[in-house]
Amino acid sequence: MAPKLWAEWSMALSHLALGMVSLHAAVKTAQASRGAAAGFLLQALAAAAMLAPRLDTDEDCLAGDWVATVIGLPLLAFDFHWVNGDRSSANLLLGGGMVLAVAGGHLGTEGRAVAAQAVVLVVAVTILIVAVFTTNTYGMWGGMMLGAAGLLSRLEEDRLLLLPKEDICRWVLAAGNWAYHQALHSQRLQWE
């Protein structure tokens, strides 16, 4: 009974941390960047949906995670590229995310997992590249955190550091979202 209770608390705390960090980032970036704020908000809503009492099936919550991944993360990358003048990459990332969101119903479970993994890694790498060229330290940390979350999710182990793998990924993603929020703030200060 105690391990199951610990697992439930661990899951709830990781969703709460991700939701709170994402919601805070959405509120703080809403004036400067509506695209990034929408991406943060999608992640916060997906985390909140997992914490809400189950009115329907778990498939609805998984659909929320899918949308937060294939639309929310490209919205974050969109802003990084757009502000730095790389409009074609920004549009390509966001357009690709929209196509995947629509095509998600036609993909199997494994296909959605691979597509989500690809989105996470592409977003992490592109933000990391922009952050390196603009010497945005927070952006570099955010890119590494998102990449680490993506790579951790593909590990075969079910538990890492005494916690379920999914919970560790959410904690790392929360840290990455905090770093992205700080990166957007420092990027805006640099351009003003």
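The values are calculated or read from the model by the stated rules, or taken from the named source; none is laboratory data. Note that the coordinates shown come from a computational prediction; the quantities given were computed from them, not determined experimentally. Glycine gets a Cβ as well: all are built from the backbone with ideal geometry, and neighbour counts include every protein chain shown. For the accessible areas, the whole protein counts, side chains as well, though only heavy atoms, and no ligand, DNA or RNA atoms are used. Shrake-Rupley method; radii C 1.70, N 1.55, O 1.52, S 1.80 Å.
Table: residues versus (1) among the charged types (D, E, K, R); (2) open to solvent by 40 Å² or more (accessible area, probe 1.4 Å); (3) modelled with pLDDT under 85.
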| site | (1), (2), (3) |
| --- | --- |
| T135 | no, yes, no |
| G147 | no, no, no |
| D158 | yes, yes, yes |
| L161 | no, yes, yes |
| K165 | yes, no, yes |
Exercise for review: Kindly indicate whether any position in the range 109-121 is loosely packed, with under 13 Cβ neighbours inside 10 Å, modelled with pLDDT under 90 and outside any helix (DSSP H, G or I).
Suggested key: no
